[in-house]
Structure formats: structure tokens, C-alpha cells
Amino acid sequence: MAFITVDAVSKEFKVEVKQRGVMGKLRSLVRPHIVIRQAVRNISFSVDEGEIIGYLGPNGAGKSTMIKMLCGILHPSSGQIRVNGCIPYIERRKYSMAIGVVFGQRSQLWWDLPAIDSLELYKDIYKVSAASYKRSLDEFNELLDLHEFAHTPVRQLSLGQRMRMELAAAMLHHPQILFLDEPTIGLDIMVKEKIRDFILQWNTQRKTTVILTTHDVIDIERLCNRILIINNGEMAFDGSAKELEQLYSREKQIIVTFKDAIDRLPPLLHTTVQRREGNQLCFAVERSEDVQEVIKRIVNSYEVTDIQIRAADLESIIKQVYQTGKRDVAHEVVYSHFS
Amino acid sequence: MKSYIRIFHKTISTSFVYRSNLYMPMLAYFVFVFLQYSLWSAVFALNEPKGTTISQMMTYIFIGMMIRFLTTATASDQLSQEIREGKIELMLIRPYNLFLFFLAKQLGRIVVDFITKGLPLLGISLLFLSPFIQIPYNLSNWLYFGFCCINAVIIAFCMDYMIGLMAFWIIETWQLRFLIQDIGNVFSGVFIPLWFFSEPFLWIANLLPYPYLYFYPINVLLGNVDHTSFLSLTLVGLSWSIGLLVVIMLMWHLCKSRIVIQGG
């Protein structure tokens, strides 16, 4: 059986829509206008132990809601989640020993105290033995250079320093699953690399399962062996980065620099001109089988100084998935509510 | 258990991080005590109320000030803020009990308040007011006073925690907190001892938990409470704290399924 199974999970929220203007505000005091918003619609997937999953989707697609259900914070409206035989939102306290969480936008460190004090607190909360605590700390130091700022109050840490500390705080009790909600947001390249190396190392050495949401394509390329894309609360893609490329990126780009200015092109199969900058033209070829034919025709008719062929990168592929997955929000149920 | 002790500990050390955090409340506390003393001295100078002597009144104020911080619960402030800003999610993924977490913080605060407010006040009062202060010594009264104080801490904390949890429903709780606090200031006897209350007001006060926070503990120490009424007082006081605990458990049960995390 899979380590994590998510079975037909949906989550809806009641949202109060505020009316505009003073009269509207007064009216909604008496009779609030409630709208049901479907954040997650009927999502199913399963994860094996030791996988690193990239959980992607545009802002507001329902990523965080799913992560929060997986963490046991939110109850799904319907469907069921099982992690290692345990239902997260029911056995919350038992389950919390098995997970580590980093929410990039929120800090789990005590703001006024030196960072190391928070680690000590978590050591007691998670009942980590002194020996194991010391060993973990040494390891964090080696990978994340924590000793440089361990005794600085959290409020004086830079974002990069704080994120490294957050990661240490989340991993102190050696959780089986690590949830990372945008862990590299706003960080510089050096810190990003450090954090990625750290995640990879824990994953390979301890078989820690990682579920990661991010908007950083390099995070995905470096870390994830599987990608789940959701859009509008629905699953839009589930598979490896390779499969995603094969599925969506049959398109190739050919960038040709001509020797002279050209005004007319020969007819080309399934090809459109994407950009034109002086003598340089960028063609999009729909099917990679046609690339050879297109180049042959161009080279036969014109003098060319440079030709580059590019596959669409992961970023533009993901963008494509987001766009095709888009649909109108006709699912919203609207009703008024007397209170 | 160890983790709650650590939380208690960290709360104390956090309070000593900022010096202004210590001095400002201390100053505010002194101003309030000074006001109380001056006001009641003036009242007694004009016209001494029947049945109460100035020394009794001053002793009432003194004991009151020494135990006031036991029932000044502020932990819910943080709870509602965390709910409001969505940070509560980081507390919900921990293997601790949220109620005990905040109780540990509250106890930490009480210790801090005792050091920063109680002790200086004790010193000053003994210097300037010792002729007025008369606490009759009676061991059983002192023991019962101790029990009343512990019960008062629990009642005050529970009421505060309930307000904090209300943030799940109403999001903004400070209005509610002010309302509850103001009612409490009237009916607990912080400003005016309940023995000056008229019958209908006294009747209302006795329907509320507030007198158990402040008025009854002081009266026990003053020797104004008969040993025979200890039992009934204990029963009502305990039912308040147990009742509030049950309400909190019910509220928490309701919250769990309807939690909405603010800010995605």
C-alpha cells in the first residue's frame, strides 16, 4: 500500500462577500452574502515513501489547502486522506510527530529569542533525546552553517538565515514526511542551493518523503522526481518532469540569424514566426519531426550566420498547463444566508 | 510535561527581552494603585461609610493589588492574533495541547508580573502604608485563600481562552475582550468592594464568576467569610472553573471541523 493516499478529497469554504459602500456594509451586517468556494475538487493521488513530490499550481489553485489537509490542520469536506495508516486530521497529535513543516511565509521560531532557544523548545516538545539533538545540530551546522547566527535573536536574522533555521526546526525530530510550502521564496541563489542540497541529502540518507510547493522551476528540476499540477482545485497533471515535457513540449523553437535583412519567407510547414529582431527570427515549430524540413528550406533559400534549436523549457510548459487547465468559475454556488 | 515547563520558562525569558516591557506596565500599575489609595482616602475623609474602616479598605486594596495579576489573563490575545493572521496552523501541527500551551504561558506571565509588579509594590506598601494594613492571622484562612487564588487563576484563564477561541467565529476579538474586562472590573470588586453594592447589583454579581476572581479571595483573608460558608463558596467556585473547562472543550470540538486558515 502506498505511503500517502489521497482519495477523492474535496474542500469547500464558506466565504462572506462584502458589499460595497456604507449601505452595502450595513446590509451585510444583517444579511451576510455567503458564497461557497470550492478550493479543492475531487483530488486523488498516492505517494510512495522517499519520493520528492512537486505540488504545483498557480496562486489560489488550492495548493496550500491541500497541504494543510495533508498536515492534519484542515478537515476535508469529503474524501479521505491516509498517511502510513493514520488519518492526519483525526489523530492530529500522534501524526504531528511524523511530520515536519516549513511554511515559507510564516515563522515557527520565537521572534524575540535567540534562534537556538526555539530549537531547544522543539527538542522538548518532540521529546528528542539529548544525544540525538546534538547529532542533528552538528549535521545542520555542517550543511546549513547555523552556528554563525544560532545565538542571534530571530528578529535580527536575515530571511536566508531564518529559513535555514526554520528548516532545522522542522527536521529536529527526524520526521518521515517533510512539507515545504514555498521554502525558497525570496531567497538568494546561494541560500537556495544550500537548502536544496540539504533536502536532497535528507531524502537520500533517511528516505524522508518530501512534498514541496514552489514557483521556482529550478527547485522542481533539482529536487522533484514527480510533479503534480493542480489548477482550479483539480488535478491537471501527475507524472515525472520528463513525461510532462513529452506531453506538452512537442513544440520546438528555431532561432535563425540571417546574413541580410529579409522581407519574404518561403512557405514553412506548421510553423509560425514568434519574434523578429533585426535579422534574427524566431520560429515555433509545432512538431519536432518537422524541424529538419524547416531548416532545410531556410538554409536552401537564404544565407544564414547562426541557427539555434531549443525545446520549450519547463517554465513555459508549466505555464501552458496552467493556461489550458483554466476554465470559468461557474461551479460557485451562490446563496444568501439569514443570521 | 517537560515541554510545557520549557514553554513556561521561555515565556519568562521573552518578557525580560525588552526593558520597556517591564517598566511601562510597572508604572501603569503604580499609577492605578496610587489612584485607588487617594480616592478611597478622600472618600473616607469626607464621610466614613458604615461598617467599613479606612484600614479595612486599605488592606482590601493592598491584597487586591497583590493578587490582581493572578487574574489578569492575557494569553488569549496571542491566540486570537494567531487565528486572525493564520499563524495558528503552526501551532496545530505540534504534538502539544493548545490549552496547556497557553496555560503554561499564562503561568509564566504571572511569575513575571509577580517579580516586576508584585514585589516592588509589596516593598513600597510596607514602607508607606504599613500602619493601615491589618491582615488578621488565621492559618485556615490563609490555606483557603491559597485555594481560592488557584481557582481564580483557572477561572480567569478559561474566560480569557474562550475569548481567544472566539476568533475562529468572529475574527476580531478585542471588542469582546474589552466588554468582558469592563464587566469584570465592576463585578469582581476591583474598583469598588462588593460590600458597597446595593441588593440588585449584589444579586447580579453573585450570578457571575467575577467575584471569585477578586472579591472572595480578599474577603477570606480579611476574615470576613465564615468558615461555615467555605463549603458553599468552594462548590460554586469549583463549578465555575469546571463548567468553563467543559465549555472550552465543546468549543474546541466545534472549531476543529470548521477551522479556516486566514491568508491561504
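Solvent-accessible area of residue A:97, all protein chains in place: 80 Å² (probe radius 1.4 Å, heavy atoms, ligands and nucleic acids excluded).
Rg ratio for the stretch A:93-194: its Cα radius of gyration over 2.2 N^0.38 Å, N being its residue count, equals 1.00. Each principal axis of the Cα cloud of the stretch A:251-311 was taken in turn, and the coordinate range along them, longest first, works out to 28, 20, 17 Å. Residue order by solvent-accessible surface for A:120, A:142 is A:142, A:120, largest first, with ligands and nucleic acids left out and a 1.4 Å probe.
Computed over the stretch A:1-140, relative contact order equals 25 percent, with contacts defined as Cα pairs under 8 Å that lie 6+ residues apart.
Each eigenvalue of the Cα gyration tensor of the stretch A:193-240, multiplied by 5 and square-rooted, gives one semi-axis; in descending order these are 22, 12, 8 Å.
For the stretch A:216-283, chymotrypsin sites (Phe, Trp or Tyr not before Pro) are listed when DSSP marks them as loop and at most 12 other Cβ atoms sit within 10 Å of their Cβ; the list is empty.
Globularity index of the protein assembly as shown is 1.30 (Cα radius of gyration / 2.2 N^0.38 Å, N = number of residues). Charge tally for residue A:196 (other residues, Cβ to Cβ under 11 Å; Lys, Arg +1; Asp, Glu -1): -2.
With kT/(6 pi eta Rh) evaluated at 10 °C and eta = 1.306 mPa s, and Rh the Kirkwood radius from Cα pairs, chain A diffuses with a coefficient of 68 µm²/s according to Stokes-Einstein.
In chain B, a dipole from Cβ-located charges (positive for Lys and Arg, negative for Asp and Glu) runs towards its positive end, and of B:16, B:214, B:228 it is B:16 whose Cα lies farthest in that direction. Looking at chain A, the DSSP beta bridges with both ends there are about 75 percent antiparallel. Using a probe of 1.4 Å on the protein chains alone, the accessible area found for residue B:1 is around 150 Å².
Using only side-chain charges placed at the Cβ, +1 for Lys and Arg and -1 for Asp and Glu, the dipole size of the protein assembly as shown relative to its Cα centre rounds to 920 debye. Out of A:317, A:229, A:36, any idea which swings most in a Gaussian network model of chain A, alpha carbons joined below 10 Å? In this elastic network of chain A, the residue with the biggest mean-square fluctuation among A:317, A:229, A:36 is A:36. Axis of helix A:189-206 versus longest Cα principal axis of chain A: the two differ by about 70°, to the nearest ten degrees.
FRET efficiency for the residue B:183 to residue B:134 pair, using the beta carbon distance and R₀ = 30 Å, is estimated at 0.45.
Both radii were evaluated on the Cα set of the stretch A:146-223; the Rg over Rh quotient, with Rh as the Kirkwood radius, amounts to 0.95. Helical runs (DSSP H, four residues minimum) scored at -39500 (n - 2.57) apiece and divided by the length of chain A put the mean residue ellipticity at 222 nm at -10500 deg cm²/dmol.
The label-point distance for residue B:142 and residue A:130, in a model that sets each label 7 Å from Cα toward Cβ, rounds to 3.8 nm.
Partners of residue A:94 within straight-line reach, counting lysines whose Cα lies under 28 Å from its Cα and excluding those fewer than 8 residues away in the same chain: A:11, A:63, A:68, A:123, A:127, A:134, A:207, B:2, B:10, B:87, B:105, B:256. Relative contact order of the stretch A:251-311: 52 percent, from C-alpha pairs under 8 Å at least 6 residues apart in sequence. One decimal place: the segment residue A:323-residue A:269 gains 16.9 nm when fully extended, by the rule 0.36 nm per residue minus the C-alpha distance. By the Stokes-Einstein formula, at 1.567 mPa s and 4 °C, the stretch A:217-287 with its Kirkwood radius over alpha-carbon pairs has D equal to 86 µm²/s.
Provide the percentage of antiparallel DSSP beta bridges, counting only those with both residues in the protein assembly as shown; round to the nearest 5. The answer is about 75 percent antiparallel. Ranked by solvent-accessible area (1.4 Å probe, protein heavy atoms only, all chains present), the residues A:107, B:3 order from largest to smallest as A:107, B:3. Neighbouring Cβ atoms from other chains, within 10 Å of the Cβ of residues in A:68-78, number 3 on average. Computed from point charges on the beta carbon alone (+1 for Lys and Arg, -1 for Asp and Glu), the dipole magnitude for the stretch B:2-258 about its Cα centre is near 800 Debye. Contact order, relative form, for chain A: 21 percent (alpha carbon pairs under 8 Å, 6 or more residues apart, mean separation divided by residue count). Note on the stretch B:2-258: semi-axes of the ellipsoid equivalent to its C-alpha gyration tensor, largest first and rounded to whole Å, are 33, 22, 17.
Counting Cβ atoms of other protein chains within 10 Å of each residue's Cβ and taking the mean over peptide B:28-34 gives 0.
The values are calculated or read from the model by the stated rules, or taken from the named source; none is laboratory data. Just so it is clear, the model here is predicted, and its values are computed rather than measured. FYI the Cβ positions are ideal-geometry reconstructions off the backbone, even for glycines, and counts take in every protein chain you see. All accessible areas refer to the heavy atoms of the entire protein, side chains included, with ligands and DNA or RNA removed. Shrake-Rupley method; radii C 1.70, N 1.55, O 1.52, S 1.80 Å.
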